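Okay, structure first, notes after.
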Amino acid sequence: MKAIETKLKGCFILEPTIFEDSRGYFFEAFSKAKFEDLTKANSNFVQDNQSKSSYGVVRGLHQQIGEFAQAKLVRVLEGKVLDVAVDVRQDSPTYGEHVAVELSAENNRQLYIPRGFLHGFAVLSDTATFFYKCDNVYNKSSEDGVHPLDKTLAINWQIPFDKIILSDKDKDARAFI
């Protein structure tokens, strides 16, 4: 496995070592020891989540705050998404900046998003099955979010505006600033 730190300190793209032969392929999707060695992050993941969405769906930008803040390790099991992390750590030199990474079943990349980041993704394929590990349990009263089309953030979701599908919650989310 290889870890590539993004411009947002603590946020990593993880690329697996894939072993292929005539039967197919094998790779180790997660090893606590390797993950912690490469990222220097504590990986006490306690909850796994999975979603399936269709083309044009944008989920986010979400985070859990307070005692229920979460770090996430995300990947795509089927299809392709544009995965986005936005740094909202008040004391960070990259506050308000984002990274966008294509994750797919073909490239098997993962993105590690530490606590203190908004997270979202856009489905670029007909459908996508999205999987993520969280280091804290979900708590509805700790939800926070920002409108994914906020002009201040200027995220290019790689989907034509008239094809973007948002939940009512995301349509009503607050502005970034």
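Annotations for the structure displayed:
- Considered as a group, the residues in region 94-149 that are aromatic (Phe, Trp, Tyr) and part of a strand (DSSP E or B) include one that is farthest from PHE26 (Cα to Cα), and that residue is PHE117.
- Qualifying residue in region 134-147 (condition: crowded, with 17+ Cβ neighbours inside 10 Å and under 12 Å from the mean Cα position of the chain (by Cα)): yes
- Region 17-46, subset of a type outside the set (A, V, I, L, M, F, W, C), touching a strand residue (DSSP E or B) at 6+ places or on another chain (Cβ under 8 Å) and part of a loop (DSSP other than H, G, I, E, B), residue nearest to LEU73 (Cα to Cα): SER43
- With respect to the conditions (1) exposed (fewer than 13 other Cβ atoms within 10 Å of the Cβ); (2) modelled with pLDDT under 95, VAL46 falls short on a single one, namely (2).
- Close Cβ contacts (under 6 Å, 6 or more residues apart or on different chains) running from residues in region 50-72 that are buried (at least 18 other Cβ atoms within 10 Å of the Cβ) and modelled with pLDDT of 95 or more to residues that are in a strand (DSSP E or B) and among the charged types (D, E, K, R) comprise GLN63/ASP144.
- Filtered by the rule that a residue be over 16 Å from the mean Cα position of the chain (by Cα), assigned to a loop (DSSP other than H, G, I, E, B) and not hydrophobic (A, V, I, L, M, F, W, C), region 150-165 gives ASP150, LYS151, THR152, PRO160.
- Residue check, ALA33 among the hydrophobic types (A, V, I, L, M, F, W, C), out of contact with any helix residue (DSSP H, G or I) (no Cβ under 8 Å at 6 or more places or on another chain) and surrounded by fewer than 16 Cβ atoms within 10 Å (Cβ to Cβ): yes
- Looking across TYR112, TYR132, one residue alone is touching a helix residue (DSSP H, G or I) at 6+ places or on another chain (Cβ under 9 Å) and either among the charged types (D, E, K, R) or under 21 Å from MET1 (Cα atoms) (or both). It is TYR112.
- Of the criteria (1) farther than 24 Å from LYS52 by Cβ; (2) in a helix (DSSP H, G or I), which one PHE176 fails: (2)
- Evaluation of GLY60 against (1) in a loop (DSSP other than H, G, I, E, B); (2) touching a Pro at 6+ places or on another chain (Cβ under 8 Å); (3) not β-branched (Val, Ile, Thr) (one fails), failing number: (1)
The values are calculated or read from the model by the stated rules, or taken from the named source; none is laboratory data. Predicted, not measured: the structure shown is a model, and the values here were computed from it. Cβ coordinates were reconstructed from backbone atoms using ideal geometry, including for glycine residues, and neighbour counts include every protein chain displayed.
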